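Q: Dumping the structure here so I can ask a few things about it.
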Amino acid sequence: MKKNRIISASALLLAALIWGIAFVAQDALSDRLEPFTVNALRSFIASAVLIPVAMILRRSRGKRFREENKNDRKTLLTAGVICGAALCLSVNLQQFAISSYPEGVAVSGRAGFITALYIIFVPILGLFLRKKPGITIILAVLLATVGLYFLCLKEGISSVYPGDLIMMLCSVSFSIQILCVDHFIDRVDPVKLSSLQFFITGVISMILMLVFEHPTTENILSSWMPILYLAVLSSGAGYTLQILGQKYSDSPTVSSVLMSMESVFAALGGAIFAAERLSGREILGCVIMFTAIIIAQLPTKAKRKQP
């Protein structure tokens, strides 16, 4: 059991590090490529990269690449479509939000912390699964609201950007994706699920790209470096680590608090790679929000210690 927790924590924290730095790459792409184009490209590349990985891993366990049982194939397809649809909505909302921020905003840190509110939404959405939140969850929600006030409302209501609201929707969508992965993870191959969910994300994003956007070959080729980071590391490695980490985790709520460290890595990545600086008020908001994120985990941990 202890070994599983170490594996889970290591995988999820590494995923958080990769995702945190990815905010810098997404911000760099926001001026060159439109959101659906970014996510169509990164998703198809990630899906293709993971196919040989899945083949090698299954062969090492003496299994064929294709599930022999018809029901297993049906479950994998269902999981891929559901998780892929949730992921598609999440990553496109995130990219739209990042693209909508004005000049001078510390995008990486701001977007990273608002995205990390999925740590609050995961247990709240558990209400639909008949899981009542404890008093600490309520406290965490109130603290997160205060944190958002300091982070987003620098000059009153006028300092709330459209990107903040879109990013909040993105956080809810990521919460749904985390719960979807948790529902299927014990019944499917994790790497194949990761590849399939990216294929679904790529297909939907490509259709929307062809309808609403007009990408050029020149812009795509000039953006190859951040696209490859998002495709191979953030998508291919990061989300596969998420699925593996959730497989060995105690609960989706515990998983989400580890993944929420992406907000810290996003702020650090923005400071190191994009010379972004958060004001003292925004830093205070980040600290309060992260405190809320930690408090949200206390009921789960306490409950699991009971025999």
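Q: Just subtract the alpha-carbon distance of F65 and V287 from 0.36 nm times their residue separation and send over the number in nm, one decimal.
A: Gain on extension, F65 to V287, equals 75.4 nm.
Q: Ignoring any ligand, DNA or RNA, what whole percent of the accessible area of the chain comes from carbon and sulfur when the probe is 1.4 angstrom?
A: Its accessible area is 68 percent carbon and sulfur atoms.
Q: Contact order normalised by length for the chain, with contacts defined as Cα pairs under 8 Å and 6 or more residues apart; what percent is it?
A: Across the chain, relative contact order equals 44 percent.
Q: Distances longer than 23 Å among the Cα atoms of the stretch 10-114: what percent of all pairs is that?
A: Tail of the P(r) past 23 Å holds 42 percent of the pairs.
Q: Please give, to one decimal in nm, the separation of the simple spin-label points placed at I294 and F273, each 7 Å out from Cα toward the Cβ.
A: 2.6 nm
Q: Could you give the length gained by full extension between I135 and T216, i.e. 0.36 nm per residue of separation minus their alpha carbon distance, to one decimal place?
A: 24.0 nm
Q: Would you mind computing, in nm to one decimal, how far apart the modelled labels at L228 and D72 are, each placed 7 Å from Cα along Cα→Cβ?
A: Computed distance between label sites L228 and D72 equals 3.5 nm.
Q: Shifting gears a bit: Over the chain, give the accessible area per residue in Å² for a 1.4 Å probe, as an integer.
A: On a per-residue basis, 48 Å².
Q: Quickly rank 28-34, 74-80 as a protection proxy: mean count of other C-beta atoms within 10 Å, highest first.
A: 28-34, 74-80
Q: Rounded to two decimals, what is the ratio between the C-alpha radius of gyration of the chain and 2.2 N^0.38 Å?
A: That ratio works out to 0.98.
Q: Per residue of the stretch 236-248, what does 6.51 cos²θ - 1.76 cosθ + 1.60 with θ = phi - 60° give for ³J(HN,Hα)? Whole Hz please, x for Gly and Pro, Karplus curve as stated.
A: x, 7, x, 6, 5, 4, 4, 5, 5, x, 5, 4, 9
The values are calculated or read from the model by the stated rules, or taken from the named source; none is laboratory data. None of these values were measured; they are calculated from a predicted model. All Cβ positions, glycine included, derive from the backbone under ideal geometry; neighbour counts span all protein chains shown. When the accessible area is computed, the model is the full protein with side chains, heavy atoms only, and any ligands, DNA or RNA have been set aside. Shrake-Rupley method; radii C 1.70, N 1.55, O 1.52, S 1.80 Å.
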